[in-house]
Amino acid sequence: MTRGSASGSGTRDDSVARAATPPPPQGRQQCDDPRHGHGHGSGRDPRHGSGIGIGDLRLSTDGLPDWLDPVVEAARTVRPTQLSRFLPPEDGRGRQSAVLILFGEGPRGPELLLQERAGSLRSHAGQPSFPGGALDPEDGDPLTTGPLRAALREAEEETGLDPAGVQLFGVLPRLYIPVSGFVVTPVLGWWRAPSPVGVVDPAETARVFTVPVADLTDPDHRVTVVHPGGFQGPAFTVESALVWGFTAGVIDRILHFAGWEQPWDRAREVPLDWRA
């Protein structure tokens, strides 16, 4: 059972210039056998190309589909301040947590796995998010293996996915959610061997779903949410859901730095109520 959620009202760094760039490929471009190195793009950073062993876990870009190359490069080069203005407190405060940003291949091409929190929860009820939560002591060091293990464990507990089918290939800089006090490590994964997913505990999760990346880049699905408390940030209207807050902020930055972002109307606003 999830002991804490890393979802919340995050934000993005508006100071980063945005480029008008084409959407990601929509066709299936994965290698014939992603468990091996066939079809692997060339020119990867040598620190990533052959895999990085971290305890009994491993970050590896071997066998990834070519369309993930920009995400791999973004994870290697992006700076924390390019993702958010909210960074972990220097005094070490904050509850360590991790989320799994899981890319897969669906009928419409590249997609992301998301979940919707149960409407009965006291915090962030009904809000879509990445699978994830707080680190447990058995997850290990929060600066090395801990976030990797926690991201996979929480995703299994919340969605029922088989962690053995997930290839972890990168980690984004740690971010901070002031409203909840979480220090969040976004862990990037490739769903090389998809497994059935669904709601494990209805008291915590209302549904589990995937979103085509093509829909996330579609300007018609992009809006700015405005909270009565003053928060404004990017959001996505996809799969009958309004994705906003921390989750939307991270997706927004991934689309930008992967070169997948398309111009969209930031003046199109969706108001939130105080309960959001």
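The values are calculated or read from the model by the stated rules, or taken from the named source; none is laboratory data. These figures come from a predicted structure and were not determined experimentally. Positions of Cβ are backbone-derived with ideal geometry, glycine not excepted, and every protein chain shown enters the neighbour counts. SASA here: full protein model, heavy atoms, side chains in, ligands and nucleic acids out. Shrake-Rupley method; radii C 1.70, N 1.55, O 1.52, S 1.80 Å.
General observations
- Global form of segment 55-160, assessed from the alpha-carbon gyration tensor, a/c cut-off 1.5: rounded
- C-alpha center-to-center spacing [segment 180-195, segment 157-171] in angstrom: 8
- Computed with every protein chain present, the accessible area of Leu64 is close to 0 Å² [probe 1.4 Å].
- Taking the protein heavy atoms of segment 177-259 in the context of the full set of protein chains, the accessible area attributed to carbon and sulfur is 54 percent at 1.4 Å.
- Rounded to the nearest 20, the size of the Cβ-charge dipole of segment 96-176 about its Cα centre is 320 debye, with Lys and Arg at +1 and Asp and Glu at -1.
- Förster-model FRET efficiency, 45 Å R0, Arg58 and Thr224, C-beta, rounded to 0.05: 0.70
- Accessible area (Å², 1.4 Å probe, nearest 10) - Val200: 80
- Under the Karplus curve 6.51 cos²θ - 1.76 cosθ + 1.60, θ = phi - 60°, whole-Hz ³J(HN,Hα) for segment 82-92, x wherever Gly or Pro sits: 7, 9, 6, 8, 9, 10, x, x, 5, 7, x
- Share, in percent, of DSSP beta bridges within segment 214-275 that are antiparallel, nearest 5: 75
- Residue separation of Arg85 and Arg266 scaled by 0.36 nm, minus their Cα-Cα distance, works out to 63.3 nm of gained length.
- Ligands, DNA and RNA excluded, the heavy atoms of Trp191 present near 20 Å² of accessible surface to a 1.4 Å solvent probe.
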